[in-house]
Structures are given as structure tokens and as C-alpha cells.
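Notes follow once the structure below has been shown.
The values are calculated or read from the model by the stated rules, or taken from the named source; none is laboratory data. Keep in mind that this is a model prediction, so the values were computed, not measured. Cβ placement follows ideal geometry from the backbone for every residue including glycine, while neighbour counts extend to all protein chains displayed. Just the protein is used for accessible areas: all its heavy atoms, side chains included, with ligands, DNA and RNA removed. Shrake-Rupley method; radii C 1.70, N 1.55, O 1.52, S 1.80 Å.
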Amino acid sequence: MLFALTASTPELGDSLSAIQKFINEASPLVLSALWHIALAIVIFLAGRWLIDHFLARVALLDNKTRLDPGLCKFVRSLTRVALWALLIYLIADFLGIPTASFVALLGSVGVTVGLALQGSLSNFAGGLLIMFLHPFKTGDYIKTATDIEGTVVEIGLFFTTLRMVDNKIITLPNGSLSSGNITNYNTLPLRRLSTSVGISYEADMERAIAVLTKMLLARERLVEPEKALVYVKELGDSSVVLGLHYWVKTADYWDEAWSINRAVKETLDENGIPIPYNQLDVHLVQ
């Protein structure tokens, strides 16, 4: 028994020596790794503070610029993603992680996700076109290629939200919206309002044109009165159709459009000018 303990003592000493040697050799590596990790944490915290501080300063400029609010929101989101990606790249490079492989992995993931989300990417590209080309902005009244009309409430990255005249909300994909025709009714400050009315063939046409012209020139919302026009638009089956054209401010267009036909009817009635209507004469033969 004593012999066995004595024989094992040199082996125990060798093991302790090996452990001590490993510790002596590994200590600089461990300390260096811990130092790099600590510095990486400091870089991360400092980078996060700088990103948040920078984005907060950018947000304060939104009210001082003429950019669309949706575009401002998109630029902030894109800037946030880019800054965080740069911060992660710098930390990975500082820790000695092979960034080339990291970038290649991100690229392959991006291709895979892109193939899986082709429709969403089309909407994303459409959102970018809308935000940077400005065919319309928040608050504009537009008409799409599919005859959907409404006021733009929000322009997002993938969808645009419209509020219709009956206060319904409709969401349109940016891909189809940007690839079709868009009619923007708010781009210019003035709009031409057009309507028409039929008068009897027996009525005094020149007098009808004169009284309607006088009525147009008296409208409160009329602008550029020299362009107001009443003319013979068509010789219909049972009436002479008179057309009325005049200009109003874009903001006043709908209020004026909803009131002009009543004013035309009242003016013709006051001046004894009849508005014909279709009638059917039935003759009974016995």
C-alpha cells in the first residue's frame, strides 16, 4: 500500500505541473479575451447611445422641413437599421469574427427572404418610389387606376391608407399603386369646375347664357372671373345643353360642386327659363 502511494506521487506532481503550465499559458489569452469583450460591451453601449441621440435630433427636424411625414418616418427607420448594422459590423470586426463570412451569410439570407417575399418587396419598392418621387403626399385627394378615390391618410413602406368620402378606410398595396395611373386633385391651387344644364328649344338661348354668366360672376368662391364661361355644349334630343366652366380654389371645390346645380336651377326658375324633361305622349286608337 505504501509502495502504491509512493509510486503515484510523481504522477500527481506531473499533473499539477501540467495544470500550472496550462494556466500560465492560457492566462494571457483569457485576460485578452475578457478585455476585448469588455471593450466590445463599451463600444455597444456607446454606439447605442449615439444612435438614439442622433435619431432624436433628426426627429426634431421633421417639423422644420417640408418633407412628407411618411417619408421622414421611412428615412428614420432606414437610418436606424443602417446604423445598427454598422455598429454590429464594427463590434464583430473588433472581436476578430470573420466579417467576410458574416456578410456572405447575410447576403444568402437576403436572397432567400427576397425570393419568399417577392410581392412584399414589390410593395416595398413601390413605397420607395412614392416617397421619393412624390406623386402625392399625406392629405392629398387622389384617384387610383382602379377608380378608388380618397384622401391620403398615411404612406407606409408597403401600403398606403386612404380615407374615402364616406369615412371608410381603405389600404392599397404600394406595388400596384405606383405602377398605375394616379390622379392628384390637390397638386395645383386651382381647379376648374364644370357642369351643364338643358333648356327648352323655345327658350331665349342668349338670355339664358346672360343670366347664368351673371350668376357665375356673383359666386363667392369664383377666382379668375375672366375665365368664367357659359356656352352651348350640345343640341340634345329635347333640349339645348348649356355648359358652365369656372375656376375655384382646390380647397373650395367640393363645397362649390355640391351647391352650383341648385344655384343654376334657382336662377333659371327666377328668370322663367324652363328646363325640359322627357315625356311620353300616349295615343289610344279605338
Practice problem: Might you tell me the accessible area per residue for the range 183-286, computed with a 1.4 Å probe and given in Å²? | Solution: 68 Å²
Practice problem: Quick one: check the C-alpha center-to-center distance for the range 123-176 versus the range 210-286, whole angstrom. | Solution: 34 Å
Quiz item: log₁₀ I(q)/I(0) of the range 206-246 at q = 0.14, 0.18, 0.25, 0.34 Å⁻¹, via Debye over equal Cα point scatterers, no solvent, to two decimals?
Solution: -0.33, -0.51, -0.83, -1.18
Quiz item: So what does residue 95 come to for accessible area, using a 1.4 Å probe and Å² rounded to 10?
Solution: 80 Å²
Self-check item: Paramagnetic label zone (point 7 Å from Cα along Cα-to-C-beta, residue 79; backbone N under 16 Å) in the range 134-152
Solution: none
Self-check item: J(HN,Hα) series, the range 52-58, from Karplus relation 6.51 cos²θ - 1.76 cosθ + 1.60, nearest Hz, glycine and proline x
Solution: 4, 5, 5, 5, 5, 5, 5
Quiz item: After finding the eigenvalues of the alpha carbon gyration tensor for the range 170-265, what semi-axes result from the square roots of 5 times each, listed largest first in whole Å?
Solution: 32, 17, 11
Exercise. Scan around residue 154 for amide H atoms under 5 Å from its own, H built in the peptide plane at 1.01 Å from N, and keep only partners 5 or more places away or cross-chain.
Key: 161
Exercise. Using only the alpha-carbon atoms of the range 133-190, report the extent along each of the three principal axes, biggest first, to the nearest angstrom.
Key: 31, 27, 19
Quiz item: Based on the Cβ-Cβ distance of residue 34 and residue 90, what FRET efficiency does E = 1/(1 + (r/R0)^6) give at R0 = 22 Å, to the nearest 0.05?
Solution: 0.70
